[in-house]
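All of the numbers you see were taken from the coordinates with simple rules; none came from a lab. Computed from a predicted structure; not experimentally measured. Cβ: placed from backbone, ideal geometry, glycine included. Neighbour counts: every protein chain shown.
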């Protein structure tokens with residue numbers, strides 16, 4: 001039996017048995033704040049004002065007992081057991097509803113010892129209507145899924161570009177680096193995510209990416225440049241060493257060729273053999289050194305959880321409006 005979920009702006013959706021509230025909302029074209037979709041980041045946390053929910057797989061990591069007792073819920077994991085009233089409001093323009101599609105591996109390219117660029121082609125005549133910066137899930141045979149950001153502009157949607165970092169022991173990344181071949185067929189679901197370029201703003205956009213978190217920022221910046229977006233962009237890209245800046249020359253080219261783009265690479269632990277003369281230290285600290293007052297900017301952020309978890313409170317403490325922070329954290333699986 002389906003249940004009705006009513007949000008604070010009076011939007012209503014129908015949720016099927018054992019379907020998560022967030023999944024139902026996305027299926028019906030209702031955009032809610034979310035990030036990882038696995039109960040780890042807490043972005044989709046919201047108060048339930050009326051009704052009952054359950055977590056068939058156990059209490060999510062991003063929801064503690066006190067929050068649960070106070071009526072908070074993680075919408076990416078919560079299954080309604082009755083009609084619900086949820087104090088959350090859909091955000092922005094409606095996004096394309098996620099869909100499941102087959103995709104064929106068109107090309108694999110090693111960008112660095114631990115980074116592979118994967119190009120996927122969809123069936124003839126099919127397109128994925130994504131926004132610059134969103135991500136897809138690759139669906140595994142047992143129902144598990146792995147999320148990867150799209151690194152190309154939707155203006156070039158004849159292919160999908162993914163930047164994949166090798167995770168030792170990672171079930172999918174081990175296959176990408178050791179066994180995947182051109183022509184292999186995958187199943188994907190998308191588009192997903194809240195890290196997408198907000199159109200129509202003239203505010204300074206800070207693009208903050210760690211490691212392969214550069215991928216969605218590449219898509220955002222390439223889309224902005226191709227569509228004639230004239231707002232200023234400042235790209236900060238962080239890595240441990242020089243090899244992690246696997247498309248450094250591309251980023252340098254954007255800054256050299258466009259009056260609207262500034263590029264600052266930051267290395268946290270460059271070895272002597274790198275001969276690095278640029279910025280060093282933590283990425284978010286470099287941003288704050290240059291912009292101690294973030295009250296007038298938009299921040300698009302992507303990267304490993306330690307980076308995003310350190311940067312978010314620091315940016316908010318320096319005046320960033322939480323409504324102007326857009327990010328998807330990369331939570332890695334080692335299975």
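Counting beta carbons within 10 Å around each of 9, 241 and listing the fewest first gives the order 9, 241. With equal scatterers on the alpha carbons only and no solvent term, can you work out the Debye log10 of I(q)/I(0) for segment 1-129 at 0.10, 0.13, 0.19 1/Å? Here the Debye-derived log intensity ratios amount to -0.41, -0.63, -1.00. The alpha carbon radius of gyration of segment 58-153, expressed as a multiple of 2.2 N^0.38 Å, is 1.47. Over segment 204-329, what portion of Cα pair distances is larger than 17 Å, expressed as a whole percent? The answer is 54 percent, as a whole percent.
If you take the Cα Rg of segment 237-306 and divide it by 2.2 N^0.38 Å, with N the number of residues, what do you get?
Numbers: Rg = 13.0 Å, N = 70, 2.2 N^0.38 = 11.1 Å.
Ratio of Cα Rg to 2.2 N^0.38 Å: 1.18.
Can you tell me the orientation of helix 214-226 relative to the chain, as the angle in degrees between its alpha-carbon axis and the longest Cα principal axis, to the nearest 10? Roughly 80 degrees between the two axes.
With contacts taken as Cα pairs under 8 Å at a separation of at least 6 residues, segment 3-86 carries a relative contact order of 41 percent. Considering only Cα atoms, the convex hull volume of segment 97-251 works out to 117 Å³ per residue. The C-alpha atoms of the chain define a longest principal axis, and helix 248-257 lies at about 80 degrees to it.
Counting only DSSP beta bridges with both residues in the chain, the antiparallel share comes to about 60 percent. Of the residues 237, 276, 254, the one with the fewest other Cβ atoms within 10 Å heads the list, and the complete ranking is 276, 254, 237.
Take every pair of alpha-carbon atoms less than 8 Å apart whose residues are at least six positions apart; their mean separation over the length of the chain yields a relative contact order of 15 percent.
What is the spin-label model distance, in nm, from residue 293 to residue 256 if the labels are put 7 Å beyond Cα along the C-beta direction? Simple spin-label model gives 3.5 nm for this pair.
Taking every DSSP bridge with both residues inside segment 110-238, close to 75 percent are antiparallel. GNM on the chain, alpha-carbon springs under 10 angstrom: the most fluctuating residue among 65, 268, 243 is 65. In the chain, one over the average inverse separation of all distinct C-alpha pairs is 20.8 Å, which is the Kirkwood hydrodynamic radius. By the count of other C-beta atoms within 10 Å, a proxy for reagent exposure, 55, 327 are ordered fewest to most as 55, 327. Roughly what angle does helix 305-317 make with the longest principal axis of the chain, taking Cα atoms, 0 to 90 degrees, to the nearest 10? It works out to around 90 degrees.
Note on residue 276 and residue 199: with the Förster distance fixed at 51 Å, the Cβ-Cβ geometry gives a FRET efficiency of about 0.90.
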